[in-house]
Structures are given as C-alpha cells and as structure tokens.
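Novice: Take a look at the following structure, please.
The values are calculated or read from the model by the stated rules, or taken from the named source; none is laboratory data. Computed from a predicted structure; not experimentally measured. Positions of Cβ are generated from backbone atoms using ideal geometry, with glycine treated the same way; all protein chains shown enter the neighbour counts. Note: areas computed on protein heavy atoms with side chains; ligands, DNA, RNA excluded. Shrake-Rupley method; radii C 1.70, N 1.55, O 1.52, S 1.80 Å.
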Amino acid sequence: MGSIKKNFSYNVILTITQVIVPMIMYAYVSRVIMPYGVGVVSFVENICRYIMLIAALGIPIYGIREIAKKKNENQNAIFSELVSIHIYSSLLLVLVYIVMIYLIPQLSVNKNMFLTGISLVICNVLALEWFYQGNENFKYITVRTVIVRLFSLLLVFIFVKSLQDYYLFFVILCGSSVVNGIVNFMYSRKYVKFTLIWQWNRLNKHIKPLLLIFASTAAISIYVLLDSVILGFISSKDAVGYYSLGLRVSKAPIILVTALGAVLIPKLSQAHTSGDDVYFNRLIQKSFDFVGIVAFPIIISMIALSNEIIIIFAGEKFLPAQTSFCILCIAIYIIGVSNILGMQMLTTTGRDILMTKSVFFGLICSIVLNIILIPHLNEIGAAIANLVSELCVTSVMFYFVYRSFQLNINYRITLLSLLCSLPILGIIYFTNSMTDSLIAKLAFAGISIAVYQFFIQYYIIKEENFITFTSKIIKRYAKI
C-alpha cells in the first residue's frame with residue numbers, strides 16, 4: 001500500500017506538470033490561432049466532453065471506490081464489468097453524437113472537428129485512471145502523464161504555426177488522448193485480465209450506484225461546461241475565447257488545491273469500510289488545512305497580477321478576459337472545499353444521493369443564471385453564474401455533511417492562511433513598482449511571495465505536515 005506522503009509527492013509532480021505544460025501550450029496557441037480559434041476549439045472540446053461524461057456513467061469515481069475496496073484481492077471481475085459497461089455506453093453515445101453532428105447547424109459547420117472528436121469518446125474507455133488511482137499507483141500515472149504531455153507540447157510547437165491551424169491543434173489534443181488510452185490499457189494487463197462481459201446479471205448490480213454518481217458528476221460537469229456551450233450558441237466565438245482563457249488559467253491551480261484529495265480518496269474509502277472514524281476525521285482535517293494553505297495565497301496573487309498573467313499567457317488581445325478571470329479566481333477555494341465535502345466525504349462513504357442533490361441544486365442555479373446573464377454580460381455573465389453556482393453547491397454540501405457526520409473541524413489554519421495572505425497585495429504592489437517588464441514583475445512577485453509564504457507557514461501557521469517536510473529538507477542539506 002502506497003504511503004500518503006509518497007503518493008502525494010508523485011501527485012505534486014503530476015500537478016505541476018498538469019498546470020505548467022497546458023499554460024505554456026495555451027500561451028503559445030492563443031497567440032497563433034487567436035481568440036476565434038481558441039473559441040472554436042473550446043466549443044468543440046466541451047461538446048465532446050459532454051458526450052464522454054455521459055458515456056462514462058460515473059465510472060471514473062465509482063471505479064476508484066470499488067477498486068480500493070478490493071485492493072489486495074483479485075480485481076479481474078470488477079475491472080471487466082466496469083470496462084464492459086463503459087464500452088457499451090460509449091458505442092451508443094457515439095451513434096447519438098454522429099446524428100447530432102449532422103442535424104444541429106452549430107455543430108455541422110465544424111463537422112470535421114466534431115468527427116475527429118469521436119476519438120476522444122472512444123479512447124476515454126481505455127483511460128482507466130480510476131483503476132490506477134484505486135490501486136494508488138500514482139508513480140505510473142505521473143510518469144505516463146509527464147511523457148505524453150511533453151510530447152504533445154512538442155508537437156504543438158512544431159505543427160501549429162498559423163491562424164488556420166486550430167483544427168490541427170485539436171487533432172494533436174485528440175491524438176494525445178488516443179496514445180494515453182492505448183498505453184493505459186496495455187499497462188493494465190500487467191495487473192488484471194480483461195474479459196468482455198455480456199451477462200446482464202453481472203452488469204446490473206453496478207447500474208444503480210453508477211447512475212447515482214453519474215447524476216452528480218453530470219450535473220457538476222454541466223454547470224461547469226454549460227456556460228461555454230451557451231456562449232458558443234448565443235454569443236460570439238471571441239467571447240468563448242475570452243471566457244475559455246479565464247476559465248483555463250483560473251482553474252489550473254485547482255489541480256494543486258485538490259492534489260491531496262486525489263491521494264486521500266482511496267485511504268478514506270478504506271477507512272470508512274473498516275469503520276476507522278478517527279483516522280477518517282484526521283484525513284479530512286488535513287484536507288481542510290491543505291486547501292486553506294494553498295488556495296488563499298493563489299487567489300490573491302492571481303487577482304492582483306491578473307493583467308500581467310493574461311498578457312503573458314495569451315497576449316494583449318485577450319485583456320477583455322480580465323474581469324471574468326478575476327471573478328473565476330474567487331471560486332478556487334470554494335471548489336477546494338466542495339471537493340472535500342463531496343468527493344472525499346459523501347462519495348467515499350456511499351452517500352451518493354446527497355452528492356446528487358447538492359449538485360443538481362447547483363445545476364438549476366447555473367442554468368437560470370446563465371440564461372439571464374450571458375445575453376447581457378457575455379463572458380462576465382458566464383463567470384458570475386459559474387461562481388454563484390459553485391457557492392450554492394458547496395453550501396448545500398455543508399448542510400448535508402454536518403447532518404450526516406460527527407465532525408469537529410478546526411478552522412484555525414484556514415483563517416490564519418486567509419489573514420496572512422492579505423499582505424501579498426502589498427508585496428505585489430511593491431514588486432510591480434520596481435520594473436516595467438511583465439516577466440520581471442511576475443518573477444519578482446513569485447520569488448517574494450514564495451519567501452513570504454515560507455516564513456508565514458513555518459513560524460506562524462505551523463501546519464504539522466509542512467513543518468515535518470521542510471525540517472527534513474533543511475536537515476538533509478545541512479549535512480552537505
């Protein structure tokens with residue numbers, strides 16, 4: 001069984017790669033294919049994501065929980081059953097997807113791109129992230145992801161050279177998913193043997209829990225992606241491009257904020273199954289502390305440096321995205337808490353119906369707000385709808401969690417992190433006055449904030465895991 005610290009280390013490396021590589025890619029691509037090209041690719045990709053989501057039927061979450069329960073047992077049966085369900089649902093959805101492409105005018109105008117997107121739906125069956133996460137094989141996930149992402153980045157630099165290359169950019173994105181899926185499936189044969197299951201009685205037992213989880217994940221994804229899709233239908237592709245930039249850059253740190261949660265989900269599932277409530281509560285406390293420590297400095301830094309971040313990553317033509325970007329940054333902490341309450345607590349303990357109710361409330365809020373705000377405020381309206389929807393979901397989850405669990409969460413570290421993050425505004429104001437260079441501003445601000453945060457964490461907040469980790473590093477280098 002992989003240790004939390006070791007798996008977290010791998011997940012940090014994975015997270016850094018998942019943040020930095022897409023940012024570098026996006027900074028390059030947005031300057032080449034411009035807001036229109038970015039908007040077209042984002043619109044097509046979001047439609048494909050919807051189809052993938054429906055076809056997956058909640059397996060990416062349900063699979064982690066079920067595989068973790070059988071950590072030290074033969075997993076051939078559960079693996080084959082879940083993959084078989086995913087295959088059947090994907091084939092059905094591909095047929096529906098093809099019909100949509102030819103019947104809906106907004107889709108048929110980019111027919112070739114949407115047909116290429118079929119590869120995303122099919123290869124999502126082979127992704128099998130749930131299998132590796134359930135077995136806590138974060139080393140493999142990290143190594144594979146780093147290699148595939150770096151190779152994709154190289155291909156983008158080589159082949160995407162002009163405004164018309166937005167279709168080629170989409171092909172590269174699809175190709176990386178295809179490679180990722182094939183490698184994952186081939187490597188899984190080292191641990192399990194896949195057999196296509198036809199017997200309904202073997203598949204039927206998974207349908208009800210899958211549909212419960214699917215309902216919640218579908219609702220989450222709908223209100224996350226709905227704004228971009230509505231923008232694509234009733235607003236301009238430029239507005240989609242602006243919003244896509246704000247969404248991509250503001251949501252990138254969420255991978256880091258939820259990094260510990262990805263590692264803890266198998267542990268929490270095992271703790272709940274064995275009835276170890278003390279260990280379960282201790283892990284949840286670690287999650288709350290971690291989210292507060294990481295999220296608040298990021299939020300304040302990104303809002304204060306929003307102008308510089310947008311210009312660096314996308315160019316001055318994307319500056320209209322600044323307002324929506326700042327609004328979306330506020331949601332980083334809210335989403336981090338939502339991940340704890342929903343994925344780490346309600347889902348791992350089998351309270352899927354409560355998770356579903358929470359996100360459906362958010363979905364209703366999202367639909368209403370998007371319909372009201374987008375026609376008048378475009379990408380800014382979409383950002384407001386996104387933020388309020390996330391807040392609604394998290395609030396309802398808090399209500400259910402405190403009714404269902406005997407928790408005693410200490411918010412001292414969270415409040416300290418918030419208060420100690422406020423001086424970052426002064427640090428950025430000071431570093432910005434030192435130079436007119438955008439890169440120098442970001443560099444000076446980044447170094448200054450990192451040094452400030454180190455001393456705050458070590459001498460004021462004193463979070464247990466941070467102190468332990470940094471003390472080991474200091475002792476190791478003190479011997480050199």
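Novice: Looking only at residues that are outside any helix (DSSP H, G or I) and farther than 20 Å from GLY292 by Cβ in region 418-435, which one is most open to solvent (accessible area, probe 1.4 Å)? Reasoning before the result, please.
Specialist: Initial filter on region 418-435 (outside any helix (DSSP H, G or I)): 422-423, 433-435.
Keeping just the survivors that are farther than 20 Å from GLY292 by Cβ gives 433-435.
Values: SER433: 86, MET434: 105, THR435: 31 Å².
The residue in question is MET434.
Novice: Scanning for something modelled with pLDDT of 85 or more and surrounded by fewer than 20 Cβ atoms within 10 Å (Cβ to Cβ), does region 26-34 turn up at least one residue?
Specialist: Yes, region 26-34 contains at least one residue that is modelled with pLDDT of 85 or more and surrounded by fewer than 20 Cβ atoms within 10 Å (Cβ to Cβ).
Novice: While we're on this one: Could you tell me whether region 295-311 includes any residue that is under 21 Å from the mean Cα position of the chain (by Cα), within 22 Å of SER389 (Cβ to Cβ), open to solvent by less than 10 Å² (accessible area, probe 1.4 Å) and modelled with pLDDT under 90?
Specialist: No; the residues of region 295-311 include none that is under 21 Å from the mean Cα position of the chain (by Cα), within 22 Å of SER389 (Cβ to Cβ), open to solvent by less than 10 Å² (accessible area, probe 1.4 Å) and modelled with pLDDT under 90.
Novice: In this structure, is LYS208 in a helix (DSSP H, G or I) and surrounded by fewer than 17 Cβ atoms within 10 Å (Cβ to Cβ)?
Specialist: Values: in a helix (DSSP H, G or I): yes; surrounded by fewer than 17 Cβ atoms within 10 Å (Cβ to Cβ): yes.
Yes.
Novice: Of everything in region 280-294, what is open to solvent by 20 Å² or more (accessible area, probe 1.4 Å) and either aromatic (Phe, Trp, Tyr) or within 22 Å of TYR62 (Cβ to Cβ) (or both)? Give them in sequence order.
Specialist: Narrowing region 280-294 to residues open to solvent by 20 Å² or more (accessible area, probe 1.4 Å): 281-282, 285-286, 290, 293-294.
Scanning region 280-294 gives a single hit, PHE290.
Novice: I've got another one for you. Please specify each residue of region 66-95 satisfying the condition of being polar (S, T, N, Q) and in contact with a helix residue (DSSP H, G or I) (Cβ under 9 Å, 6 or more places away or on another chain).
Specialist: GLN75, SER80, SER84, SER89, SER90
Novice: Quick check on my filter: what residues within region 66-87 are open to solvent by less than 30 Å² (accessible area, probe 1.4 Å), assigned to a helix (DSSP H, G or I) and within 18 Å of PHE185 (Cβ to Cβ)?
Specialist: Hits for region 66-87 are ILE67, ILE78, PHE79, SER80, GLU81, LEU82, VAL83, SER84, ILE85, HIS86.
Novice: Hey, which of the helices (runs of 4 or more DSSP H) in region 102-198, taking only ones fully inside, have at least 2 residues that are under 17 Å from GLY39 (Cβ atoms) and not basic (Lys, Arg)? Steps first, please.
Specialist: On the way: elements: 105-108, 111-116, 118-127, 129-134, 138-159, 166-188.
Helices (runs of 4 or more DSSP H) meeting the threshold: 105-108, 111-116, 166-188.
Rundown of residues vs (1) more than 17 Å from PRO60 (Cα to Cα); (2) surrounded by fewer than 19 Cβ atoms within 10 Å (Cβ to Cβ), yes/no style:
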{"position": "SER119", "(1), (2)": "yes, yes"}
{"position": "TYR132", "(1), (2)": "no, no"}
{"position": "ARG144", "(1), (2)": "yes, yes"}
{"position": "PHE157", "(1), (2)": "yes, yes"}
{"position": "PHE170", "(1), (2)": "yes, no"}
{"position": "GLY181", "(1), (2)": "no, no"}
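Novice: Take the residues in region 349-393 that are open to solvent by 10 Å² or more (accessible area, probe 1.4 Å) and either of a type in the set (Ser, Thr, Tyr) or not in a helix (DSSP H, G or I) (or both), then tell me which one is farthest from ILE284 (Cα to Cα).
Specialist: ASN378
Novice: Kindly indicate whether ILE327 is closer than 24 Å to MET397 by Cβ, open to solvent by 20 Å² or more (accessible area, probe 1.4 Å) and of a type in the set (Val, Ile, Thr). Spell out the reasoning first.
Specialist: Values: closer than 24 Å to MET397 by Cβ: yes; open to solvent by 20 Å² or more (accessible area, probe 1.4 Å): yes; of a type in the set (Val, Ile, Thr): yes.
The answer is yes for ILE327.
Here is a yes/no grid of residues against (1) over 27 Å from LEU407 (Cβ atoms); (2) touching a residue at least 12 places away in the same chain (Cβ under 8 Å); (3) out of contact with any Lys or Arg (no Cβ under 7 Å at 6 or more places or on another chain); (4) open to solvent by less than 20 Å² (accessible area, probe 1.4 Å):
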site	(1), (2), (3), (4)
ILE234	yes, yes, yes, no
TYR243	yes, yes, yes, yes
VAL263	no, yes, yes, yes
THR273	no, yes, no, no
VAL278	no, no, yes, no
